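S.K.: There's a structure below that I have some questions on.
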Amino acid sequence: MITHTSSDPSPTRTVARDQHPTREERILNRISRTDVVDLASRLVAAASENPGGTEHATVQELEKALRAIGAEVHLTQVAPGRPNLVAHLGGTPDAPGILFLGHSDVVPAGPGWDHDPFVPRQEGDLLYGRGSTDMKGGLAAVVTAMAAVHAEAPETAMTLICTVDEEADALGIEHYIAQAPQRRYAACVVAEPTDLVTIVGCRGAANLEITITGASAHAGRPADGTSAILGAGEVIKAVERDCASLASDPHPVLGAATWNIGTISGGHGTSIVPDTCNLAMDRRLLPGEEPERILDRLLTAVRASAQDSQRAESGRIDFEGHVTMQMPGFLTDPDSAFPTLVTRALQEMEIDRGTGIWTASCEGGFISEHHGVPTVVLGPGDLNGQAHQPNENVSINDLHAAAGAYALIAMRSACAPRIDPPGTTTLQRNRR
């Protein structure tokens, strides 16, 4: 249920209902603000925190909405209670049309909310709730667009892939890629929140973990042991040095690769020399970079540094690491056919926010590589200002505009199934 605290704001765009509306005008006139808000609200209310829950309830709501408009829906269990969803609507196998991509999980709500994060709440132009921006609003806009297109142009092919576990380890997209045929779609739109800026590229990402093993001893005689936490300091210094090197050699479009040390844990108490320490890190990737080689170079530098500082004497310290997740990036020429089609569709919805590059990563790189299609990220909601934060909200005007833009993109992509030559849009991905 959604609670309303003010009247529904006026629509962002009204298509003239003359005596001879075009098919596109008829499609846009079918896109109801009420429908997109109601579906977004149902998805928000179906909590799917990751970690700590499952995506089953959200996928159930999505499946129900898609079947109601005639879609063929397939669910695949990635893990118990965690189903990927693939839905096809319209078209034929020879004309696969547009591919939309989203994810069903949200980050944990956390503290600081003014209201229950899973009771969607409308205040003026804003819809509040965990996932309203990232990215259940985008999913609702996609399904609303698919319904409107199918009602007027049932021959138009559209596919929605909704994966689990995007917010953590990308288990859902990895499972999809392992099983999906390399079908050629016209293009892909990732419905992540971009504030309706057309994102034409993003860096890849890898999660790395390093374990330092030292030797314990009493704190009164620390020389009898080897501190794994001091060994972690060698890792931190090596990362800092590499950060400076990377910043001096950025990619001309995507910018510099970066490091972030996210967590560090170790030790057993203040009176014990710590024998173990663990670090978890994020590394943003540029084209051609291989996470395993990055990890090997880091470990080589750290071991040499530890040897120089005599921490490695007697063989009492060791550094081991592994790559726990990697996500490919992608880059689509902003002046090529598909981004141009997308920005024109947005302009017709009275949205003109240009193109850009994302500092985040997303699953679009997997699709760009696997299906060989031009890819953009485009969705309602402010990633930096709202996603993963208390009182997360999304503009209802932007939900409505996104649904209209998605509908136009689907229609126009279907008319040009080979929008860009294959192989021109993907950053290199190297599997572990």
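S.K.: Conditions: (1) at pLDDT below 95; (2) of a type outside the set (Asp, Glu); (3) farther than 16 Å from Pro193 by Cα. Gly385 meets all but one. Number of the miss?
M.R.: (3)
S.K.: The conditions are (1) modelled with pLDDT of 95 or more; (2) part of a helix (DSSP H, G or I); (3) more than 25 Å from Pro287 (Cα to Cα), and Glu350 fails exactly one of them. Which is it?
M.R.: With respect to (1) modelled with pLDDT of 95 or more; (2) part of a helix (DSSP H, G or I); (3) more than 25 Å from Pro287 (Cα to Cα), Glu350 is out only on (2).
For every residue, the table says whether it meets (1) at pLDDT below 95; (2) crowded, with 22+ Cβ neighbours inside 10 Å; (3) assigned to a loop (DSSP other than H, G, I, E, B).
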| site | (1), (2), (3) |
| --- | --- |
| Gly379 | no, yes, yes |
| Asn391 | no, no, yes |
| Gly404 | no, yes, no |
| Ala407 | no, yes, no |
| Pro417 | yes, no, yes |
| Asp420 | yes, no, yes |
| Gly423 | yes, no, yes |
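S.K.: Being assigned by TED's automatic domain parsing to the domain that holds Ala401 and of a type in the set (Asp, Glu) is the requirement here; does Glu350 meet it?
M.R.: Against the criterion (assigned by TED's automatic domain parsing to the domain that holds Ala401 and of a type in the set (Asp, Glu)), Glu350 qualifies.
S.K.: Mind telling me which of the residues Glu320, Glu292 ends up being of a type outside the set (A, V, I, L, M, F, W, C) and in contact with a Lys or Arg (Cβ under 7 Å, 6 or more places away or on another chain)?
M.R.: Step by step, each of Glu320, Glu292 is checked, and only Glu292 is of a type outside the set (A, V, I, L, M, F, W, C) and in contact with a Lys or Arg (Cβ under 7 Å, 6 or more places away or on another chain).
S.K.: Here are some residues: Thr258, Thr340. Which one is of a type in the set (S, T, N, Q) and in the same structural domain as Cys188 (by TED's automatic domain parsing)?
M.R.: On inspection, the qualifying residue turns out to be Thr340.
S.K.: Check off (1) modelled with pLDDT of 95 or more; (2) more than 24 Å from Arg33 (Cβ to Cβ); (3) not polar (S, T, N, Q) for Gly129 and give me the number that stays unchecked.
M.R.: Only one criterion in (1) modelled with pLDDT of 95 or more; (2) more than 24 Å from Arg33 (Cβ to Cβ); (3) not polar (S, T, N, Q) is unmet by Gly129, namely (2).
Each row is one residue, and each column tells you yes or no for (1) of a type in the set (A, V, I, L, M, F, W, C); (2) in a loop (DSSP other than H, G, I, E, B).
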site	(1), (2)
Thr58	no, no
Gln77	no, no
Asn84	no, no
Ala87	yes, no
Ala109	yes, yes
Val119	yes, yes
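S.K.: Select the strands (runs of 3 or more DSSP E) contained entirely in the range 178-218, then report the ones holding at least 2 residues which are crowded, with 23+ Cβ neighbours inside 10 Å and out of contact with any helix residue (DSSP H, G or I) (no Cβ under 7 Å at 6 or more places or on another chain).
M.R.: 198-202
Here is a yes/no grid of residues against (1) assigned by TED's automatic domain parsing to the domain that holds Ile351; (2) under 26 Å from Arg30 (Cβ atoms); (3) among the β-branched types (Val, Ile, Thr):
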{"residue": "Leu171", "(1), (2), (3)": "yes, no, no"}
{"residue": "His175", "(1), (2), (3)": "yes, no, no"}
{"residue": "Ala187", "(1), (2), (3)": "yes, yes, no"}
{"residue": "Thr211", "(1), (2), (3)": "no, no, yes"}
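S.K.: Additional query: Scanning the range 89-107 for residues that are more than 21 Å from Ser361 (Cβ to Cβ), not polar (S, T, N, Q) and not in a loop (DSSP other than H, G, I, E, B), which turns out modelled with the lowest pLDDT?
M.R.: Among them, the one singled out is Ala95.
The values are calculated or read from the model by the stated rules, or taken from the named source; none is laboratory data. Keep in mind it's a predicted model, so treat the numbers as computed, not measured. Cβ coordinates were reconstructed from backbone atoms using ideal geometry, including for glycine residues, and neighbour counts include every protein chain displayed.
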